[in-house]
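The values are calculated or read from the model by the stated rules, or taken from the named source; none is laboratory data. Computed from a prediction, not measured in an experiment: that's the story for all the values here. No Cβ is skipped: glycine too gets one built from the backbone with ideal geometry, and neighbour counts run over all protein chains shown.
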Amino acid sequence: MHRKLHSYLIKTGLESRHLLQFSHEPNTFAYNTIIRIHSTSSCPVHALTLFSRMRRAGVSFDHFTFPPLLKSCARLRTGQELHSLIFKLGVDSHVHVQNALINLYGCCGHVSTAMKLFEEMLERDLVTWSILTGSFVNNGLWREALELFQEMQLLGKVKPDEVMMLSVISAVSNLAALELGKWVEVYIFRNGFELTVSLGTALIDMFSRCGSVDHSIKVFDEMPERNIATWTALINGLAVHGQSREALRVFNEMKKSGFRPDHMTFNAVLVACSHGGLIDEGLEIFKSMKLEYGIEPRLEQYGCMVDLLGRAGLIQEALNFVERMPIRPNVIVWRTLLGACVNYNRLDSAEKVKERINEVDPHHDGDQVLLSNAYGVVGRWFEKAGVRNSMKERRINKKPGCSLLIVDEIVHEFVSGDDSQDHELKPVKEFIVSTIDSLRVAGYTPSVTNVLHDIEEEEKEYNLGFHSEKLAVGFSLFYFKERRTIRIMNNLRICHDCHRFMKHVSSKFCVEIVVRDRNRFHHFIEGNCSCKDYW
Ligand code: ZN
Ligand code: ZN
């Protein structure tokens, strides 16, 4: 293949299969080149078509054929059957082919096979380590990703590159492990990495997801170059940490610096307005999307606006807003509205919204739980039981609450309602019960409105004691008395009772508690929360 033509093809994205028709008997090299072009194009499936054509035409393939072919397969999440062919041809010992196979298995979710291939390899290069780390991250195996990175460090044969560091950062972000995050940052500087836009942006996001937006600001200030994603990461970090005014300030500064906000930026800044109860600012910004920037709002931004109005208790306005939306509201928009109705005890509207949700998505469980909670709030246990039964019939189960507590880089996991006889957890439970008792003096009474089951009062209180975030806090207070900051990551939204409990605990024990729940962060200090009880 002619070099000039090759680069022309890449530039124009021309239907390069036609190129083969120019040459009467395309050889292996020609096929390999075009397969490689397609492996990074918008149509990776063409690489596979070409490969079958290559086979039919009897053109032989070599170890250069497979890496791009496997890459295309990985993007399409298919093609593991190629492995046996590769094995038969005996090209499976080439490191590039092996790397591509590991990547393919990782992308298809077969991590154990990827690991097996990795372990069998005689020679591993940086790409090998990087690919497996990335596969772990993409499959939610964050601890394993960090362990692998550590193992690579210990062997000391290869040095990580930026791609690898981005995987490591992503793993740390997902674990919300602040200490590890700080370590990663130091590592990056010690090892002479440049603070590129992508590394810096990933660090900003990581620190905010680890609960320290102050670190995000520091990284942001140190970055020599920024793009719109960098600004958005900071605005988003400030937003989820309840620093709404600051988020707006950064948003304005960004506009002054000549950056054009995109959909993601608008999401972040609207979330800031919504969490901070900044109604006028939010409406203004929403309007500016189209008027100032010519950006058509998408469902997410409409969702943000419904959230903004709903959180502020403007239920009728939120309903009107949804009715007037130029695009069909999806179930998330309706659920946001339902959440607002429930929070403000507007059960009449809640029922109407619930009907609309049933039309859009009759099998969703989240709103069933919300509605069930709503009935709980007003004590209509009878109706509530009805909702629970229909849930049971449809085999919808509430996801169990789960919290992670990280102390000295060790991750402790807690599950709500854990009734195991775990010897470590037993004294913690007793400790929580006695803490609840002592908090009563300070005006804390366990509230039962968020408990789903219709059970005796006493039993309800008991159950409330063991939501996973309470277990995590209790564990930390009991076993790590010296800790002044407790960091917890929750899979669900924190309930009202746990929220009140955390506030009381923060003042009684003089600790700072940082809880990352599904939507945002809560910083509990001296009896108050950064969300201003608005989440
Ligand atoms: Zn709770
Ligand atoms: Zn809060």
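Can you tell me which residue is nearest to ligand 1 (Cβ to nearest atom) among those in region 437-470 that are under 33 Å from the mean Cα position of the chain (by Cα) and at pLDDT 85 or above?
H467
Which condition does V473 not pass, out of (1) assigned to a strand (DSSP E or B); (2) within 20 Å of F431 (Cα to Cα); (3) within 14 Å of ligand 1 (Cβ to nearest atom), if it passes all the others?
It is condition (1) that V473 fails.
Considering region 224-241 alone, what residues qualify as being among the hydroxyl-bearing types (S, T, Y) and surrounded by 24 or more Cβ atoms within 10 Å (Cβ to Cβ)? Step through it out loud before you land on a result.
Step one: list which residues in region 224-241 are among the hydroxyl-bearing types (S, T, Y), which gives 230, 232.
Within region 224-241, just T232 meets the criteria.
Could you list all residues from region 522-535 that are within 16 Å of ligand 1 (Cβ to nearest atom) and under 20 Å from D205 (Cα atoms)?
Across region 522-535, the qualifying residues are H522, C531.
Between a residue in region 403-421 that is over 13 Å from M489 (Cβ atoms) and not assigned by TED's automatic domain parsing to the domain that holds C498 and any residue that is surrounded by 15 or more Cβ atoms within 10 Å (Cβ to Cβ) and modelled with pLDDT under 75, which pairs come within a Cβ distance under 9 Å, given they are 6 or more apart or on different chains?
Matching pairs, first to second residue: none at all.
Just checking, how many residues over region 504-521 are within 12 Å of ligand 1 (Cβ to nearest atom) and buried (at least 24 other Cβ atoms within 10 Å of the Cβ)? So that I can check it myself, show each step before the final result.
Let us first name the residues in region 504-521 that are within 12 Å of ligand 1 (Cβ to nearest atom), namely 515, 517.
Subset that is buried (at least 24 other Cβ atoms within 10 Å of the Cβ): 515.
Total meeting the criteria: 1.
Taking the conditions exactly as written (at pLDDT below 95, of a type outside the set (K, R), within 26 Å of F189 (Cβ to Cβ) and not in a helix (DSSP H, G or I)), does G211 satisfy them or not? Quick ask: steps written out before the conclusion?
Values: at pLDDT below 95: yes; of a type outside the set (K, R): yes; within 26 Å of F189 (Cβ to Cβ): yes; not in a helix (DSSP H, G or I): yes.
Spelling it out, G211 is indeed at pLDDT below 95, of a type outside the set (K, R), within 26 Å of F189 (Cβ to Cβ) and not in a helix (DSSP H, G or I).
Within the set of pairs 6 or more residues apart or between chains, which connect a residue that is farther than 26 Å from Y479 by Cα and part of a strand (DSSP E or B) inside region 506-535 to a residue that is of a type in the set (G, A, S) and within 16 Å of ligand 1 (Cβ to nearest atom) with Cβ atoms less than 7 Å apart?
Hits for this filter: zero, empty list.
Return yes when E526 is of a type in the set (D, E) and away from ligand 2 (no atom under 16 Å from the Cβ) and no when it is not. Spell out the reasoning first.
Working: of a type in the set (D, E): yes; away from ligand 2 (no atom under 16 Å from the Cβ): no.
Spelling it out, it is not the case that E526 is of a type in the set (D, E) and away from ligand 2 (no atom under 16 Å from the Cβ).
Among (1) within 16 Å of ligand 1 (Cβ to nearest atom); (2) modelled with pLDDT of 90 or more, which single condition is T485 missing?
T485 satisfies all of (1) within 16 Å of ligand 1 (Cβ to nearest atom); (2) modelled with pLDDT of 90 or more except (1).
Considering (1) crowded, with 16+ Cβ neighbours inside 10 Å; (2) part of a helix (DSSP H, G or I), say which one D221 fails and leave the rest.
Failing condition for D221: (1).
Does region 492-503 include one or more residues that are at pLDDT 90 or above, away from ligand 1 (no atom under 12 Å from the Cβ) and under 24 Å from G277 (Cα atoms)?
Checked against the condition, which is being at pLDDT 90 or above, away from ligand 1 (no atom under 12 Å from the Cβ) and under 24 Å from G277 (Cα atoms), region 492-503 yields at least one hit.
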